[in-house]
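Here is the structure we will look at, set down as structure tokens.
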Amino acid sequence: MVLPNCNPTKSFWIEEANSALRDFRSSENLPKETDVIIIGSGYAGATTAYWLNKYTEKDGPKPQMVMLEARDICGSATGRNGGQLRPHAYSRYPPWAERFGPDGAMELINHEMAHLSAFEDLLTEEEIAEEVCFRLGETFDAAMSDEAWVRLKGAYEAMKKDHGENNEVVKSCRLIEDVEVAEDFTQMKACLGAVVHPAGQVWPYKFVHALLRIVLKAGNLNLQSHTPAESVSERDESGWITVKTARGDVRAKSVVHATNRWASHLLPEFNNLIFGNRATLASVKAPEGFIKHTGAQHWDSLVNNYHLQLPPPFNSIIIGGARALLVHSPQECSPNDDEHRQFDGAPEFFQSWPESDVVGWSGNQPAELARDVDEGGCWSGIESSSIDAFPFIGRVPNREGHFVAAGFSGHGMPRILLSTAHITPLILDSLGVKYTPPSLVATYPPLPKPFHATADRISRLQTVDSAALFEKKAKDCLESAKKPFCSNVAGRPRP
């Protein structure tokens, strides 16, 4: 049995939000039956509940839902991530074009880019944009080495070559090749150049809690924290699926597996498809408006940092990555589920980052964490690692009434909202419920083909030698660890 650790490190997002829904239970006892059980209360589970409510608000009756969460509400990956709504606007174009052709690569990019306007439309309609600290703007990939600049610039130019300067995505990206301009825009010391593109930022935990509050108010959601699903049955002859928990059993007509890294706990066919990958972030105090843009620094294909700054009254900088530190011990990252432990040296690394890397940081001393180190100042979290780098979305093959949205590989923010919008009509069709797609989803692109959870894809990936892939990744990390930019990093003993 693989379940989330019951005592993870504390996340700034969760502790600072202090939400009334954190340990919420709609009822003392679990309902005996419902229309839909959603397992998981993070971004995927919450948006599934939101869309099920939204798709049926004009027609009725609304499906009754029970949401089961093993931890506190939104206590796993969504409550612990980086907060960047940051599409792969160009950077993955070469490998995607090699696998799926130029049009297939652009299909993936368009789906991610569409999340910027999708978030804006949803948050505006629900009047929660300010509450969840939502912002749209520009982000950057800063090249911190010649190796990184060749890769980043090459990815952008490959996309422009295939799709032309008038393509909307190509037009939305731009190169900054002047070193002084690049450093001024990115605020990153020693930046050699940068690629800039549209992006956003959001407080993911507050976003999920706001959506759940909306659906709870509609009256058709029963939300249950600290209630892990222990097993799930097949659909029986009467059309019921039974979910067993330590607090009792619930039966439903449909079950949605929104469990990301933990999907294989209930769906063993995903054992070789989705793994845990441990990452780390921190929140450091900063003057109001000090960081102008969200962004990422790149030294090679593995070594990076990424960051954003929160608006007042919070003002702190959320920084993640620390790969210059982590590549020295790849076994501590993947496959690894130990989010109850801090990474050795991570707090010191993050506190040293503004002074060592950011133009204009004053004081010539380490930054102060926004909270005590073990109270949300620095934390680790488990992101999923999909064996083919794409999520699994749709009906679960050979399991009638089961649906899945999992395996987002640490890149769920610009993928999940429209992925769960895709599975919502499939769920409603399985229930025989009448619905009308909301205007929010009318103009957005379809689910990319690599996301579909087809029987062929699952069967094919079950035969992949995952151990060999992780062994190669570990070797690649150790090769990066030998490079100059990974030696003598803060938080790591000097040789």
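Just list whichever of K62/K253; K206/K285; K10/K285; K10/K449; K160/K292; K160/K449 have alpha carbons separated by over 25 Å in the model shown.
Numbers: K62/K253 14 Å; K206/K285 20 Å; K10/K285 17 Å; K10/K449 37 Å; K160/K292 27 Å; K160/K449 23 Å.
Distance filter (> 25 Å) returns K10/K449; K160/K292.
Based on the Kirkwood approach, the hydrodynamic radius assigned to region 1-103 is 16.9 Å, with every pair of different Cα atoms included.
For the chain, give the share of DSSP beta bridges that are antiparallel, in percent and rounded to the nearest 5; count only bridges with both residues there. Antiparallel: roughly 70 percent of the beta bridges in the chain.
Using just its DSSP H runs of length 4 or more, each adding -39500 (n - 2.57), the chain gives a mean residue ellipticity at 222 nm of -10000 deg cm²/dmol after division by all residues.
Here the 3J(HN,Hα) profile of region 90-104, calculated from phi with Karplus coefficients 6.51, -1.76 and 1.60 at θ = phi - 60°, is 7, 5, 9, 4, x, x, 5, 5, 5, 7, 10, x, x, 6, x Hz, Gly and Pro shown as x. For region 352-405 and region 4-40, write down the distance between their C-alpha centroids in whole Å. Measuring centre to centre over Cα atoms gives 19 Å.
Based on C-alpha pairs under 8 angstrom that are at least 6 apart in sequence, region 176-306 has a relative contact order of 13 percent.
Taking the Cα centre of region 161-222 as origin, sum charge times position over the Cβ atoms of Lys and Arg (+1) and Asp and Glu (-1), and report the length of that vector in debye to the nearest 20. Each step should come with its number before you reach the end.
Working: 7 positive and 8 negative charges, 146 e Å.
In total the dipole reaches around 700 debye.
The angle between the Cα long axis of helix 466-481 and the main principal axis of the chain comes to about 20°, on a 0 to 90 degree scale.
In a simple Cβ point-charge model (Lys, Arg +1; Asp, Glu -1; nothing else charged), region 423-478 has a dipole of about 80 debye relative to its Cα centre. Toward the positive end of the charge dipole of region 246-311, with +1 on the Cβ of Lys and Arg and -1 on the Cβ of Asp and Glu, the farthest Cα among Q309, L267, T294 is that of L267.
Please compute the per residue accessible area over the chain with all protein chains in place, 1.4 Å probe, rounded to a whole number of Å². Please report the intermediate quantities before stating the final value.
Details: 19770 Å² over 495 residues.
It amounts to 40 Å² per residue over the chain.
Could you tell me what percent of the accessible area of the chain is made up of carbon and sulfur, with a 1.4 Å probe and every protein chain present?
Values: 9540 of 19770 Å².
C and S fraction of accessible area: 48 percent.
Taking the charge dipole of region 314-397 about its Cα centre, with +1 at Lys and Arg Cβ atoms and -1 at Asp and Glu Cβ atoms, the residue from W353, A322, P397 reaching farthest to the positive side is P397.
Under the convention that each Lys and Arg Cβ holds +1 and each Asp and Glu Cβ holds -1, the size of the dipole of the chain around its Cα centre is about 720 debye.
For the chain, report the % of Cα-Cα distances exceeding 33 Å. Kindly include the intermediate steps, with their values, before the conclusion.
Values: 43477 of 122265 pairs.
Value for the chain: 36 percent of Cα pairs lie more than 33 Å apart.
Amide H to amide H, with H built 1.01 Å from N, D344 comes under 5 Å of no residue 5 or more places away or on another chain.
Working with all protein chains in place, sort E107, E120 by solvent-accessible area computed with a 1.4 Å probe, largest first. If you can, show how the numbers build up before the last one.
Working: E107 50, E120 80 Å².
Most to least solvent-accessible, the answer reads E120, E107.
The values are calculated or read from the model by the stated rules, or taken from the named source; none is laboratory data. Worth saying up front: this structure is predicted, and the values here are computed from it rather than measured. Please note: Cβ atoms are built from the backbone with ideal geometry, for glycine as well, and neighbour counts cover all protein chains shown. What goes into the accessible areas is simple: the full protein's heavy atoms, side chains included, and nothing from ligands, DNA or RNA. Shrake-Rupley method; radii C 1.70, N 1.55, O 1.52, S 1.80 Å.
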